[in-house]
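What follows is calculated from the coordinates using simple rules that are stated; it is not laboratory data. Only a predicted model underlies this, so the values are computations on that prediction, with no experimental measurement involved. For neighbour counting, all protein chains shown are included, and Cβ atoms are generated from backbone atoms with ideal geometry for every residue, glycine included.
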Amino acid sequence: MINNDILRRIRTIFDLTDEKIITTFALSQCEISADQLANFFKEKDDSEYQAIEDVQFSSFLNGLITAQRGPSEGPERENEQELTNNMIFNKVKIALSLKAEEVISILELAELSLDKHELSALFRNVSNKHYKNCSDEVLSAFLKGLKIKAQ
């Protein structure tokens, strides 16, 4: 999925204002301007459209975790240079402090059913033999389920 589209959807789910989004980026050491944020939300065919780089989006997601759960003890999270759907899914799950059963019920709201084993495979280490890539369909269903739940 495209980072800009995911940010749009997260904005709707959490009912975030521009100021809150800018603050969320800043929580993880990424400064963006109001103009830059506006360009993130423009359509792809707009000449001012700006794609969100993985490292920027990682910063936003890490900031979202901090905003939702409070600052963690110990060293600050590193912003990943590259993001996968698995990482995005996991970061949103962590931000909301969701347990496996809750994630499964959210996916079911979007008419996607996964069992606990299929779900845990999405959150395993890449080197684990049971690791499974998270498809755009699964990530999209999760975001759709969160939107339904938030309404």
Discussion item. I need a count of the residues in the stretch 88-103 that are surrounded by fewer than 18 Cβ atoms within 10 Å (Cβ to Cβ) and either of a type in the set (Lys, Arg) or outside any loop (DSSP other than H, G, I, E, B) (or both).
Written reply: 6
Worksheet item: If you go through the stretch 28-51 one residue at a time, how many are closer than 13 Å to Gly63 by Cα and either of a type in the set (D, E, K, R) or within 15 Å of the chain's Cα centre (by Cα) (or both)?
Response: 2
Worksheet entry | Of the criteria (1) without any contact (Cβ under 8 Å) to a residue 40 or more places away in the chain; (2) closer than 14 Å to Ala67 by Cα, which one Gln29 fails | (1)
Item to complete: Kindly indicate the residue of the stretch 1-59 that is of a type in the set (Gly, Ala, Ser) and crowded, with 19+ Cβ neighbours inside 10 Å and also nearest to Met87 (Cα to Cα) among those meeting that condition.
Response: Ser58
Worksheet item: Taking the stretch 60-75, which residues are more than 17 Å from Ile2 (Cβ to Cβ) and surrounded by 14 or more Cβ atoms within 10 Å (Cβ to Cβ)?
Response: Asn62, Gly63, Leu64, Ile65, Thr66, Ala67, Gln68
Discussion item. Residue pairs, Cβ under 9 Å, 6 or more apart or interchain, first in the stretch 111-123 and surrounded by 11 or more Cβ atoms within 10 Å (Cβ to Cβ), second part of a helix (DSSP H, G or I) and among the acidic types (Asp, Glu). List them.
Written reply: Leu112/Glu137; Leu114/Glu108; Lys116/Glu101
